[in-house]
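Below: one structure, written as structure tokens.
The values are calculated or read from the model by the stated rules, or taken from the named source; none is laboratory data. Please read these numbers as outputs of a predicted model, since none were measured by experiment. Neighbour counts run over all protein chains shown; Cβ positions are idealised from the backbone, glycine included. To get the accessible areas, we keep the full protein, side chains included, count just its heavy atoms, and leave off ligands, DNA and RNA. Shrake-Rupley method; radii C 1.70, N 1.55, O 1.52, S 1.80 Å.
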Amino acid sequence: MKTMLSLQEIMKRKQFEKSEVVAGKQGIHRQVKWVHVVEITNIEKLLNGQELILSTGVSFGNNMEKFKSFVQQLINCQAAGLCIEKGAYIPSIPQEIIYLANAQAFPLILFHQEVSFVDITQDIHSVLINQQYQMISQLESYSQTLNKKLLTITHEMQILHYLQEHLETQIIYENKSGERFFIPDVPIHERKKIVCSMNADLLKERYLRESVQVMDKQHGVIHILSHDRVLSEFDHLLLDRTITALAQHILRGLYVEEKRRLEESEWLRSWLEGGQSKESIRDFLGRNEAVLHKGGVVLLCKKKNQHAPALDKTYLTLLFRSIFEQQGFSVFFTEMKNMLTVILINRREEKGWKDRLSEGVANILGKQKGSKGNYSLRFAVGKYVLPLDQLSKSYQSSWEAMQIQEQLLKDEYFSFFEDLHIYRLISFMQKHHDLRDFVMEYLEPVIIYDQKHNGKLLETLKIYLSCNGSKKETASKLYIVRQTLYHRIQKLESLLGEDFMTSEKRLVIEFMVMVYEYLNTTNSYLDGDSKTYSL
């Protein structure tokens with residue numbers, strides 16, 4: 001935190017009674033953040049700006065070029081000014097130096113009598129340090145009082161009024177709806193003039209603008225405009241503390257609202273199970289400002305690893321809502337079968353809904369990525385439906401997509417039901433027919449052989465088919481030598497027939513391998529449903 005005095009204030013100090021501003025009087029309002037005694041000529045790389053330099057001129061007093069170079073370096077470094085002690089080294093200030101200082105409005109101060117540079121630096125530094133201590137104390141007091149007020153404040157305007165009492169400037173708060181609130185209040189006919197003046201270059205040092213961010217979403221903008229003073233770093237820090245408090249207040253309101261929404265989950269469960277009428281759904285959407293819609297879809301979310309720590313569902317729903325609302329969806333939550341169930345009602349055109357949903361999931365995954373770079377969540381999306389009394393179909397298909405992803409596509413973390421083409425076909429057939437006998441008709445010899453000999457013929461068959469009969473690629477994927485693969489293929493020919501790679505038979509066998517895996521994993525999944533883990 002920087003504290004500063006103006007040169008004009010410093011000139012009123014006791015040590016400057018016998019001093020005179022001999023050049024650069026236009027810059028007398030410059031701010032000083034520190035004082036240095038300098039007796040070397042190469043100074044440009046040693047300063048940061050706004051320093052007041054004290055010098056006897058011992059290193060340059062008898063050399064005009066060095067003197068001029070020294071002053072020019074100070075000007076380049078944006079030093080606050082130069083104080084020179086009149087004496088043996090510099091009996092008077094050369095006119096050329098005075099011209100240079102006047103041209104750059106660089107204050108040049110001459111001590112007519114010998115002064116103690118130690119006393120000057122000690123005096124000014126004491127003032128600056130005391131100022132800094134006072135500012136820190138004031139800032140701490142402001143923050144503590146503001147935190148206490150947060151316990152009783154009911155509206156963000158109370159926080160902004162508290163800020164205005166300390167800054168005594170014009171504050172304009174622009175909420176997320178674009179409404180502007182002026183503190184103190186301003187007549188309507190003057191408001192436009194004030195807003196226009198905020199962008200003027202002349203007010204650059206008298207204007208601050210900071211946004212209020214909650215969950216990576218902008219909830220408002222605070223503008224501070226001063227007409228009679230330059231805004232200091234202390235003003236910036238007060239604004240920063242205020243924004244933090246305002247964000248906490250908004251987040252608390254969002255948290256309370258989110259908890260209320262979670263209490264609606266019972267009604268939402270009934271909707272997902274097909275238990276709500278069109279009229280009831282229309283009333284619910286009307287209360288939640290989602291009457292105008294283009295259909296909807298169900299998204300399921302669960303932990304990818306059952307041993308991972310439980311997630312804060314309230315935080316997660318806040319994150320989902322923040323991201324998906326920006327993608328054009330109204331968002332509702334419940335929990336079904338130990339999974340977070342998200343109902344996304346599309347407010348934009350149906351075309352492009354899938355891309356927008358994918359982008360939203362990508363944003364969430366980016367924020368939930370594990371320490372080892374792994375994703376900690378799984379997502380499955382059901383059918384897109386319209387009208388919304390058909391939402392149960394989207395829920396059922398999302399549940400099915402999650403089953404398939406978790407059991408057969410374990411490396412995946414995000415699936416659309418409509419993209420699981422072959423698995424959808426298997427699921428549909430299984431609902432209408434028992435496929436076990438059909439599978440065993442084609443694969444029973446291989447399955448029995450593997451069971452008796454603890455073999456890997458079925459795995460070999462699956463890889464061999466997926467490699468389109470390429471022996472080299474199959475052996476590579478199975479990590480076996482070519483001779484071992486030849487032996488296994490001969491065994492498969494003896495069990496399935498030498499024609500098992502002909503087009504029609506191969507197609508059916510490949511399909512049956514997938515059905516076999518689907519039936520085994522799905523049955524295992526359903527048998528263990530009571531053990532599924534929740535968020």
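One table, with the values for the structure above:
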item: Residue check for Leu238: buried (at least 18 other Cβ atoms within 10 Å of the Cβ) and not β-branched (Val, Ile, Thr); result: yes
item: Residue identified as at pLDDT below 90 and assigned to a helix (DSSP H, G or I) among Phe67, Phe60; result: Phe67
item: Selection from the range 346-360 of residues that are within 23 Å of Gln218 (Cβ to Cβ) and out of contact with any Phe, Trp or Tyr (no Cβ under 6 Å at 6 or more places or on another chain); result: Arg347, Arg348, Arg356, Leu357, Glu359
item: Conditions (1) open to solvent by 50 Å² or more (accessible area, probe 1.4 Å); (2) on the phi > 0 side of the Ramachandran plot: number failed by Gly295; result: (1)
item: Criterion (closer than 19 Å to Ile40 by Cβ, open to solvent by less than 80 Å² (accessible area, probe 1.4 Å), in the same structural domain as Trp34 (by the TED database) and modelled with pLDDT of 85 or more) met by exactly one of Ala80, Ala101; result: Ala80
item: Helices (runs of 4 or more DSSP H) contained in the range 419-535 and holding at least 2 residues at pLDDT below 80 and either closer than 16 Å to Leu408 by Cβ or among the charged types (D, E, K, R) (or both); result: 421-432, 503-527
item: Residues located in the range 11-34, provided they are open to solvent by less than 80 Å² (accessible area, probe 1.4 Å) and either under 45 Å from the mean Cα position of the chain (by Cα) or hydroxyl-bearing (Ser, Thr, Tyr) (or both); result: Ser19, Gly27, Ile28, Arg30, Gln31, Val32, Lys33
item: Residue within the range 389-400 that is hydrophobic (A, V, I, L, M, F, W, C), open to solvent by less than 60 Å² (accessible area, probe 1.4 Å) and not assigned by the TED database to the domain that holds Tyr518 present; result: yes
item: Residue check, Glu335 under 19 Å from Phe416 (Cα atoms) and either open to solvent by 10 Å² or more (accessible area, probe 1.4 Å) or at pLDDT 95 or above (or both); result: no
item: Selection status of Glu156, open to solvent by 30 Å² or more (accessible area, probe 1.4 Å), free of Cβ contacts under 8 Å to residues at least 24 places away in the same chain and either in contact with a Ser or Thr (Cβ under 6 Å, 6 or more places away or on another chain) or closer than 30 Å to His219 by Cα (or both); result: no
